[in-house]
Amino acid sequence: MVELYRAWSNVTEIGNGQSKILWIPLRAERIRLAPYNDLISGLDDMNSYQASIAKGYVDEFFTLSELNMFRKYIENVPGISICQKGYSAPLTCMDGDMQNIVPFRCRGLQDIVKDPGSLSMDTDFALLPFDISGYLVRESEIQ
């Protein structure tokens, strides 16, 4: 069984105090979590477009080792702590209406880590074997 994780930080200095930064690992395409058939429920029944969106969605989850590496690098940033939620694969990548859950990178959200001045972080993410994006979201968007 494969465990995947969502990671987020609660922030009060941005938004209305109920906002969260959802952290997304950005891996090189050659780095895969596991075979997609092990990660995505019903992948064989999806058309190529649906499968592509589903793959993008599961790629936004952390493995436990990635989450631990990220937590280590961010632990010295004042005011930022990491919350997490685990998910057992295979994941359902469709909503109740059988529509793909769109990856956060494709939703047109503001990437607050890459937007200078929106979040001050002295952590050097270049030391991680993957990049990180952080999106300002509401709790209901973390699925």
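Of note:
- Applying a threshold of 8 Å to beta carbon distances and a minimum spacing of six or more residues, or different chains, the list of pairs starting in region 39-62 at a residue that is closer than 27 Å to Y135 by Cα and ending at one that is basic (K, R) and part of a helix (DSSP H, G or I) reads I40/K55; G56/R105; E60/R105.
- Output for region 52-89, where each listed residue is among the hydrophobic types (A, V, I, L, M, F, W, C) and more than 18 Å from the chain's Cα centre (by Cα): V77
- Of the numbered criteria (1) assigned to a loop (DSSP other than H, G, I, E, B); (2) among the aliphatic types (A, V, I, L, M); (3) closer than 15 Å to W8 by Cβ; (4) modelled with pLDDT of 70 or more, the one V102 fails is (3).
- Of the helices (runs of 4 or more DSSP H) lying entirely inside region 1-76, those containing at least 2 residues that are modelled with pLDDT under 95, on the phi < 0 side of the Ramachandran plot and aromatic (F, W, Y) are 48-58, 64-74.
- Restricted to region 118-143, and to residues there that are at pLDDT below 80 and either among the polar types (S, T, N, Q) or in contact with an Asp or Glu (Cβ under 6 Å, 6 or more places away or on another chain) (or both), the residue that is surrounded by the fewest Cβ atoms within 10 Å (Cβ to Cβ) is S140.
- Among the criteria (1) loosely packed, with under 14 Cβ neighbours inside 10 Å; (2) in a loop (DSSP other than H, G, I, E, B), the one L109 does not fulfil is (1).
- Taking the criterion of being at pLDDT below 90 and not polar (S, T, N, Q), the residues of region 77-99 that qualify are V77, P78, G79, I80, M94, D95, G96, D97, M98.
- Of all residues in region 65-95, those satisfying the criterion of being within 16 Å of L22 (Cα to Cα) and among the polar types (S, T, N, Q) are N68, S81, Q84.
The values are calculated or read from the model by the stated rules, or taken from the named source; none is laboratory data. Source: prediction; values computed, not measured. Glycine gets a Cβ as well: all are built from the backbone with ideal geometry, and neighbour counts include every protein chain shown.
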